[in-house]
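To start, the structure under review is shown below, and the notes come after it.
The values are calculated or read from the model by the stated rules, or taken from the named source; none is laboratory data. Because the structure is predicted, anything quoted here is derived from the model rather than measured. Glycine gets a Cβ as well: all are built from the backbone with ideal geometry, and neighbour counts include every protein chain shown. Only protein heavy atoms, including side chains, enter the accessible area calculation; ligands, DNA and RNA are left aside. Shrake-Rupley method; radii C 1.70, N 1.55, O 1.52, S 1.80 Å.
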Amino acid sequence: MKLQQLRYIWEVSRHGLNVSATAQSLFTSQPGISKQIRLLEDELGVEIFVRSGKHLTQITPAGEQVIAVAGEILTQVNSIKRVAQEFKDETKGQLSIATTHTQARYALPNLINQFIEDYPDVALHMHQGTPVQIAEMASEGSVDFAIATEGIEHFGDLVMLPCYRWNRCIVVPRGHPLAELEAVTLEAVAAHRLVTYVFGFTGRSKLDDAFNRAGLEPRVVFTATDADVIKTYVRLGLGIGIMAKMAFDDVQDSDLVAIDADHLFEHSVTMIGCRRGTFLRGYMYEFMRLFAPHLTRERVDAAFEATHQSEVDRLFDVNGLPSR
């Protein structure tokens, strides 16, 4: 059994059983991958993949478990490499993060700037996607950190650390009737057409929960994955916007009015998730601390030693987190 064979079956499973695409991503040949998978199956005495002619059509029950273990082994191999690199040169390496547009655009720029200044020899890679895509990347080990508000809680192999609390604002053009009210209610909001996030993005579930509890049916006429698009369509008169408060800029958005909505919706919590068993290098600890100062090395280590997410949650007072 070779590590190369384990990597092949892992990557094939991540590329939708497309051996050709896997070969391209690994810069090797399709026949070479197919041969090594067959050799591994022969050695194990079980089939990992079901075939139809030359094509792989699905993963066998035995294959599901073999691939899962292979993923764990490959994670540990990467950890071994990181251990060696940490002792070889603690200031050099790579860090990859996956996050949403809102985090990348509004929450991370200052952190990224400071991190690059402190660690100029660390190559930083950022990937964007849906919360579920982001969590999958971290779960598979293709990125080091997943930063999102929703979606990552469904992946049990991730350690999720709370970073900060945030809430929404209601965005309207200047002169809009809602901007003239002393206290905006959910009923007043529901009376207008809404422009907001796609479900599953940036705390959207908190918004839906609030309307459901009030017995209201919001008229969501347009959804988007980032706040800039939401503001664009509010300017066009499509409806009023509901978006992350941090995404409103008093200078750049001076033609709009942001109405505080803390009293209408529950706060959301942005989390940073990392695969259990990952060896954290020094600059990875520092990245987390820069993003959320309460994530000290000692608290992060305690979270990684926990066996279940509920134990991690008890380490942090969510209500005491900083707000943005």
Original post:
What is the local net charge at PRO61, summed over the other residues whose Cβ is closer than 15 Å to its Cβ (Lys, Arg +1; Asp, Glu -1)?
Top reply: -3
**OP:** Could you pull out every one of the lysines with an alpha carbon less than 29 Å from that of LYS245, ignoring same-chain neighbours closer than 8 positions?
**Re:** LYS206, LYS231
Original post:
Under a point spin-label approximation (7 Å from Cα along Cα-to-Cβ), what is the ASN110-GLN76 distance to one decimal in nm?
Top reply: 4.2
Original post:
Tell me, in nm to one decimal, what length is gained between ASP255 and THR57 on full extension, where the rule is 0.36 nm per residue of separation less the Cα-Cα distance?
Top reply: 65.8 nm
**OP:** Evaluate E = 1/(1 + (r/R0)^6) for GLN133 and GLU298, where r is the Cβ-Cβ distance and R0 equals 25 Å; express this FRET efficiency to the nearest 0.05.
**Re:** 0.20
Subject >> Net length gained if the chain between ARG276 and ARG289 were fully extended (0.36 nm per residue, minus Cα distance) >> reply: 2.8 nm
Original post:
In nm, to one decimal, how far is the modelled label at PHE199 from the one at LEU26, with both set 7 Å along Cα→Cβ?
Top reply: 3.8
Original post:
Taking R0 as 25 Å, what's the FRET efficiency between GLU43 and SER142 from their Cβ-Cβ distance, rounded to 0.05?
Top reply: 0.40
Subject >> Tilt relative to the chain, helix 61-88 - C-alpha long axis, 0 to 90 degrees, to 10 >> reply: 80
Original post:
Once label points are set 7 Å from the Cα along Cα→Cβ at both ARG324 and THR307, what is their separation, rounded to one decimal in nm?
Top reply: 3.4
Original post:
Is any residue of the stretch 228-269 close enough, with backbone N under 16 Å, to a label point placed 7 angstrom from the Cα of GLU187 along the Cα-Cβ axis, and if so, which?
Top reply: 264
**OP:** Could you please put ARG281, ARG174, ARG105, ARG82 in sequence from largest to smallest accessible area, using a 1.4 Å probe?
**Re:** ARG174, ARG105, ARG82, ARG281
